[in-house]
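The values are calculated or read from the model by the stated rules, or taken from the named source; none is laboratory data. Just so you know, these numbers come straight off a predicted model, no measurement behind them. No Cβ is skipped: glycine too gets one built from the backbone with ideal geometry, and neighbour counts run over all protein chains shown.
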2 protein chains.
Amino acid sequence: MNRLAKLRQSLADLGLDALFIAHPENRRYLSNFRGSTGWLIISQKSALLAVDFRYVEQAQQEATEFEVVHIKGEPAKWLPELAVNLGARKIGFESNYLPFATYQKLRTVLRNCGIKLTPTDNVVESLRAIKDKEEIDSITAAAALADAAFEHARSIIRPNITEKEVAWEVEKFLRNQGSETVPFDIIVASGPNSALPHARASEKRIRENEPIVIDLGARINGYCSDLTRTIVLGSEDGVFARIYDIVLGAQLTAIATITAGMTGNEADNLARTIIEQAGYGEKFGHGLGHGVGLNPHELPRLSPDSPDVLQDNMVFTIEPGIYIPGWGGIRIEDTVVMQGGKARPLSRSAKIANTTSGGLLTR
Amino acid sequence: MNRLAKLRQSLADLGLDALFIAHPENRRYLSNFRGSTGWLIISQKSALLAVDFRYVEQAQQEATEFEVVHIKGEPAKWLPELAVNLGARKIGFESNYLPFATYQKLRTVLRNCGIKLTPTDNVVESLRAIKDKEEIDSITAAAALADAAFEHARSIIRPNITEKEVAWEVEKFLRNQGSETVPFDIIVASGPNSALPHARASEKRIRENEPIVIDLGARINGYCSDLTRTIVLGSEDGVFARIYDIVLGAQLTAIATITAGMTGNEADNLARTIIEQAGYGEKFGHGLGHGVGLNPHELPRLSPDSPDVLQDNMVFTIEPGIYIPGWGGIRIEDTVVMQGGKARPLSRSAKIANTTSGGLLTR
């Protein structure tokens, strides 16, 4: 069943005559249109792509399953007429995306035409969470490119180089090797900076014997990958060795034991329990992982409050971390795909801490 | 008056006890916090920055005028308690940014505490539209870097190079010269591709005697610039010469005649009238320009439906264009600052069409 057919099944299940879609990746997923502005209106019989002057040509080239409508101005100006022509009485909208002001204007003008505007919750995002073969192939290629980029980072990193220099060299490598932009700012965080889970690459110079967190991703055919490794130049200290073991143990355990049918909360708990029992529960302040696809962060969520059920052909990260203010942090992250009920890593970079030893940590 | 003081004046004018801010650039503008997630709650007496685990350290380092509150989970979980502690009875939110679902959850939990949630419209964006000296200095530096990047593009562009290769070389130049990321994807659009006002750089090879639109920007201290030039390799054809003249005339006229106190609609009309009278009104399908600052597109808008009043110390683009499907397009864009009631260009790249002649078009 193709994407439009699946969406139409969702519409029927929800009792909606049509869905109004504004979210960029939802739009691209359903229509293949890659422009920066446009809206979909999808009913059982019609599939419209509304774009302004700038995108009419591009939309017609890319969105071959859609009828392209040339619109002008904001949705409140043109959606009522399109909706009336579709015969829609009840239209869903993306409640997690559409700004309140847009909703409010649309509600008023649609109500004047006897049409009810109804909030929906992750209708397209839920379809996107289950990948098809082509999508998994793209993410697999993006994961391989992220692996190559990490290997490149390892080859250039040396004492006294700045975090920013490493990040920029890695970005150039990714782009030169075919990544379409980078899906998120590359993190190179050393020493105390690595205690910030979302550090930026700074002007700080990298030194020996401190943790270096490298978090990067590639994008191929629109699809992202996400990879983190933590390394040391020179020799690791005792804190590093102990914490690295805990994080690696938690990560490998989660990969080995996550199974289809678990919730995101249950999956998160597999790693969290290990880190808690080691005495660092308070230092693992983020969720275990997140879906990866057209967005670098999408469904499913793997976190203490996530009810999302993990299923075959979902792609997500597994990335426990421990962060000690003032000292630094360690995070290890793979992108994995669920297949045959188990998580299969797409990331293949070795989990080596010490770059000068050249070997895998065998502890 | 500093930014917080101005915002508090706006709160008083609107009769609000506090403003809840989720928009990333609004957050950065007021607090200096540069992380990717966080919320401000600002009243006459308090200025709170709510961040999760990942950002507590960074927030404390960057947002020195704010009290950092360590929160967990979505706003509906923690905003009521913070709002009650502030004694707020009426809280504004950003209606053009906050998703409907977030609004709906917040409204319910706040109502249970006797607090009213009220939509506001561009409160912070309106402050941001008027730049201070430091902001204008940053944009001036970003404009100079964009000029240098265009010169670099001109120096490397040659028959048979692909649009993508040029765009990537220009991006590397920008980043190597100090641009923090690029504020938008660089456009290099040649021949028929240049008829798409928001074309992507493609694998198409650039040829002689066709229009080449190059649209690029730099980012310095968070502030953007935006520059477009249209050039030809070899010699221009008769269509190019005629259309280039019209667009350049319209652009120079707009720069020369825009004055403080005009609306965005009136400013747009200065250029649009010229293009219409030349017979190409239907081929200028976008607005004349847009504000530039922390966002590459912000207030004021210069377009047929814009009531925004242009004022001193606003920074915006002036970018008329004519687009002929199948043939191509011509756009000429400067970033300008309003000072002493007039527009002063910050972009200085010569408006040269023919790269082999090396001279300014004098027609």
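Looking only at the range B:221-235, decide whether some residue is under 21 Å from residue B:145 (Cβ atoms) and surrounded by fewer than 17 Cβ atoms within 10 Å (Cβ to Cβ). Yes. Restricting the range B:45-78 to residues that are assigned to a loop (DSSP other than H, G, I, E, B) and acidic (Asp, Glu) leaves a set whose member that is farthest from residue A:303 (Cα to Cα) is B:65.
Consider residue A:40 carefully, then state whether it is surrounded by 23 or more Cβ atoms within 10 Å (Cβ to Cβ) and within 27 Å of residue A:299 (Cβ to Cβ). Here the answer is yes, as residue A:40 does meet what is asked. Across the range B:89-109, a minimum of one residue is classified as farther than 21 Å from residue A:103 by Cα and assigned to a loop (DSSP other than H, G, I, E, B). The single residue among A:331, A:272 that is in the same structural domain as residue A:151 (by TED's automatic domain parsing) and either among the hydroxyl-bearing types (Ser, Thr, Tyr) or within 30 Å of residue A:220 (Cβ to Cβ) (or both) turns out to be A:331.
Close contacts from the range B:238-264, counting a first residue that is without any contact (Cβ under 8 Å) to a residue 60 or more places away in the chain and a second that is part of a helix (DSSP H, G or I), with Cβ to Cβ under 7 Å and a gap of 6+ residues or different chains, come to B:249/B:274; B:253/B:270; B:253/B:271; B:253/B:274; B:257/B:270. Would you check which residues across the range A:196-238 are in a strand (DSSP E or B), within 14 Å of chain B (Cβ to nearest Cβ) and not acidic (Asp, Glu) and list them? A:213, A:219, A:228 - these are the residues of the range A:196-238 that are in a strand (DSSP E or B), within 14 Å of chain B (Cβ to nearest Cβ) and not acidic (Asp, Glu). Checked against the criterion of being surrounded by 14 or more Cβ atoms within 10 Å (Cβ to Cβ), over 30 Å from residue A:177 (Cβ atoms) and more than 10 Å from chain B (Cβ to nearest Cβ), the candidates A:79, A:145, A:98 yield just one match: A:79. Look through the range B:18-37, keep the residues that are within 14 Å of chain A (Cβ to nearest Cβ) and surrounded by fewer than 17 Cβ atoms within 10 Å (Cβ to Cβ), and return whichever of them is nearest to residue A:185 (Cα to Cα). If we take residues in the range B:18-37 being within 14 Å of chain A (Cβ to nearest Cβ) and surrounded by fewer than 17 Cβ atoms within 10 Å (Cβ to Cβ), then B:36 is nearest to residue A:185 (Cα to Cα). Of the residues making up the range A:246-262, those that are part of a helix (DSSP H, G or I) and surrounded by fewer than 20 Cβ atoms within 10 Å (Cβ to Cβ) number 7. So, in the range A:9-44, how many residues would count as being in contact (Cβ under 8 Å) with a residue 40 or more places away in the chain and assigned to a loop (DSSP other than H, G, I, E, B)? Residues that pass the stated criteria total 6. Taken as a whole, the structure leaves residue B:322 outside the set of residues that are part of a helix (DSSP H, G or I), touching a Lys or Arg at 6+ places or on another chain (Cβ under 8 Å) and more than 22 Å from residue B:143 (Cβ to Cβ). The set of residues from the range A:325-342 being outside any strand (DSSP E or B), on the phi > 0 side of the Ramachandran plot and within 14 Å of chain B (Cβ to nearest Cβ) comprises just one member, A:326.
Would you be able to tell me the number of residues in the range A:288-323 that are more than 17 Å from residue A:272 (Cβ to Cβ), touching a residue at least 12 places away in the same chain (Cβ under 8 Å) and out of contact with any Cys (no Cβ under 6 Å at 6 or more places or on another chain)?
Residues flagged as more than 17 Å from residue A:272 (Cβ to Cβ), touching a residue at least 12 places away in the same chain (Cβ under 8 Å) and out of contact with any Cys (no Cβ under 6 Å at 6 or more places or on another chain) within the range A:288-323 amount to 12.
The residues listed here are B:176, B:193; of these, the one that is of a type outside the set (A, V, I, L, M, F, W, C) and surrounded by fewer than 17 Cβ atoms within 10 Å (Cβ to Cβ) is B:176.
For the range B:45-76, which positions are surrounded by fewer than 16 Cβ atoms within 10 Å (Cβ to Cβ), within 12 Å of chain A (Cβ to nearest Cβ) and either in contact with a Ser or Thr (Cβ under 9 Å, 6 or more places away or on another chain) or in contact (Cβ under 8 Å) with a residue 24 or more places away in the chain (or both)? If the condition is that a residue be surrounded by fewer than 16 Cβ atoms within 10 Å (Cβ to Cβ), within 12 Å of chain A (Cβ to nearest Cβ) and either in contact with a Ser or Thr (Cβ under 9 Å, 6 or more places away or on another chain) or in contact (Cβ under 8 Å) with a residue 24 or more places away in the chain (or both), then B:74 is the only one that fits.
Hey, can you tell me all the residues within the range A:110-121 that are more than 10 Å from chain B (Cβ to nearest Cβ), farther than 20 Å from residue A:67 by Cβ and assigned to a loop (DSSP other than H, G, I, E, B)? Result: A:112, A:113, A:114. Among the residues making up the range B:162-183, a single one is facing chain A (nearest Cβ under 9 Å) and not in a helix (DSSP H, G or I): B:181. Within the set A:33, A:93, A:53, A:66, the sole residue that is modelled with pLDDT under 95 and not charged (D, E, K, R) turns out to be A:53. Screening the candidates A:254, A:218, A:241 for the property of being touching a strand residue (DSSP E or B) at 6+ places or on another chain (Cβ under 6 Å) and in the same structural domain as residue A:197 (by TED's automatic domain parsing) yields one hit, A:254.
Test residue A:189 against the stated conditions and say whether it is outside any helix (DSSP H, G or I) and within 14 Å of chain B (Cβ to nearest Cβ). Yes. Taking the criterion of being in contact with an Asp or Glu (Cβ under 6 Å, 6 or more places away or on another chain) and modelled with pLDDT of 95 or more, the residues of the range A:234-270 that qualify are A:260, A:264.
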